[in-house]
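For reference, the structure is listed below as structure tokens.
Throughout, read-outs are computed from the coordinates displayed, never taken from laboratory work. On a predicted model such as this, the values are computed, not experimentally measured, just so you know. Counting neighbours? That spans all protein chains shown, and the Cβs are built from the backbone with ideal geometry, glycine included.
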Amino acid sequence: MQNDFRKIIIYSGIALGFLGLGLIAYLGYFNRYFADDWCYAADFKTLGLLGTLEGYAFRVSYASNRFSLTLFSGLMHPFSITGVQMMTGLGVFLWLVGIYLSLANLDSYVSAFSFRAVRLLVSVLFLYYVLYLAPHPYQNLHWRAGFMPYTAPLIFWTFLTAIFTRQLKTRQVRAGQFPLIFLFAFFGAGFSEAANAFFVASMLLVLGVSLYGKRRGGLWGQLLLPGAAIGAAGAGLALVVLVMSPAIPLRLVSYRAPTEFLALPFLVASLGVDFFEYFVKSFPIPTFVLLAAGGGLAYLFVKEQNGIRLATRLKHMAILIGCAYLLIAASQAPSAYIEHGPPEARGLFPARFILIGTLLSVGWTAGAYLKSAFHRNYAVAIAVLTVGIFYAYTARSILIVSDRVEIYSQRAEIWDERDAKIIADRDRGITVVEVAGIDSLPVGGMRDFKSEPGDWINECAAVYYEVDAILVAGPE
């Protein structure tokens, strides 16, 4: 009877998580081209993929040095708008697969969960909250030029993690996995400077921990060390490719002088602290809910591990928080160097991803200890109540996300009408087209066509539509 009750909790949580993920994937149906998308689309259409990739040396209308961004956007281009409509749903699916495989491999290695279905429960709820708490939901999830640089790398990173945890599960290293590790690290780190900093830092962290584990005689250190070295090499090569682009000096002429190298480590360290402080102060309820959810789920579904002292658990928490801080700070290093401060909201997605995982993990570690130290019936009831509140909060958040359907669908409808008008005017021989702008305020800011026909977005869109100029009347 008790197991049946626990299974009800597991499968109701899985259903709730899938409902939230499905809604976010559905919102992807309303994805369209905006801002940088027009310049990429114009180049893909006129130059082809290889020609656009050659812009690595001289293009300044978008981040042409980000080779993975250009490559994967180009692979999506033949599908036109259908490609960007598929992007969010496909990304959610692949990300969930990567997280689940990583968690399942890790669970097989340490045998932590009392039910296998808990792997899926934790995976779907973790991913849902990562997406729900995205720093800029529209740009991170529904704009191709924002999704690719900051979200796609995290998907690559989870599959890289799945390979590493697979080695732990099977307790053997296969040379056939090395090319995959290199490719995931190289292309994942090539989407953006922030992604590269995140990959380089995480690979060096795994490399350092593996060396420590190997010296202590741990099998896990021996298993992870070769792959970590290859991953670090792949991310390092991507860094070289990113920074060696001749187009970078051309793009940086409008920036002030970069942060001095001696001051950079202190600035990066302070940005890491600021991020923690900002999140806790700005999102106190999600912070508490994620910690409590991790604890409640662990108390209900972790296997009892008697004999693990409180000091050991606290040590594990400290290590988790320390590693998270290093990755969060490192992911902001490029913006600290170039912009003397934190990145724009969309650029904080890697940091937010790590922090949400850390909150759940710290709560889980606390819940696992409490289960071994205070296993009482009333404590089980408290854990059930905690998870119930977590589910209720999750349901409320899904309702909040559902409010976006009307906003996104309205924007897509206006976009489609405008697209049809431009094509119709062009076919009638009209080469200077006047259209309505699309208000960016409802989605937190997204550059659209401007009233000045010489604006770079207008010019790229004009090339894409094969007209001389696009003029805008109405909101911008």
Name the chymotrypsin sites (Phe, Trp or Tyr not before Pro) in the stretch 199-256 that are in a loop by DSSP and that have at most 16 other C-beta atoms within 10 Å, would you? Y255
Principal-axis tilt of helix 67-76 within the chain, Cα atoms, nearest 10 degrees: 80
log₁₀ I(q)/I(0) of the stretch 23-169 at q = 0.20 Å⁻¹, via Debye over equal Cα point scatterers, no solvent, to two decimals? -1.14
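Report the relative contact order of the chain, percent, no decimals, based on alpha-carbon pairs under 8 angstrom and at least 6 residues apart.
Working: 705 pairs, mean separation 89.8, N = 476.
Relative contact order for the chain comes out at 19 percent.
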In the stretch 243-296, the trypsin sites (Lys or Arg not before Pro) that sit in a DSSP loop and have at most 12 other Cβ atoms within 10 Å of their own Cβ are R256
Once amide H atoms are placed 1.01 Å from N in the peptide plane, what residues at a sequence separation of 5 or more from L471, or on another chain, have their amide H within under 5 Å of its amide H? V433, E434, V435
Could you order peptides 440-446, 297-303 by the average number of other Cβ atoms within 10 Å of their residues, highest first? 297-303, 440-446
Between the stretch 283-342 and the stretch 406-476, how many Å separate their Cα centres? 44
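How would you rank 82-92, 226-236, highest first, on the average number of other Cβ atoms within 10 Å across their residues?
Details: 82-92: 19.2, 226-236: 21.9.
Ranking, from highest mean packing down: 226-236, 82-92.
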Which of the trypsin sites (Lys or Arg not before Pro) found in the stretch 356-400 are loop residues per DSSP with 15 or fewer other Cβ atoms within 10 Å of their Cβ? R376
Projected onto the charge dipole of the chain (unit charges on the beta-carbon of Lys, Arg, Asp and Glu, signs +1, +1, -1, -1), the Cα from L180, I422, I155 with the largest positive-side position is that of L180
Considering lysine pairs in the chain that are 8 or more places apart or on different chains, how many have Cα atoms under 21 Å apart? 10
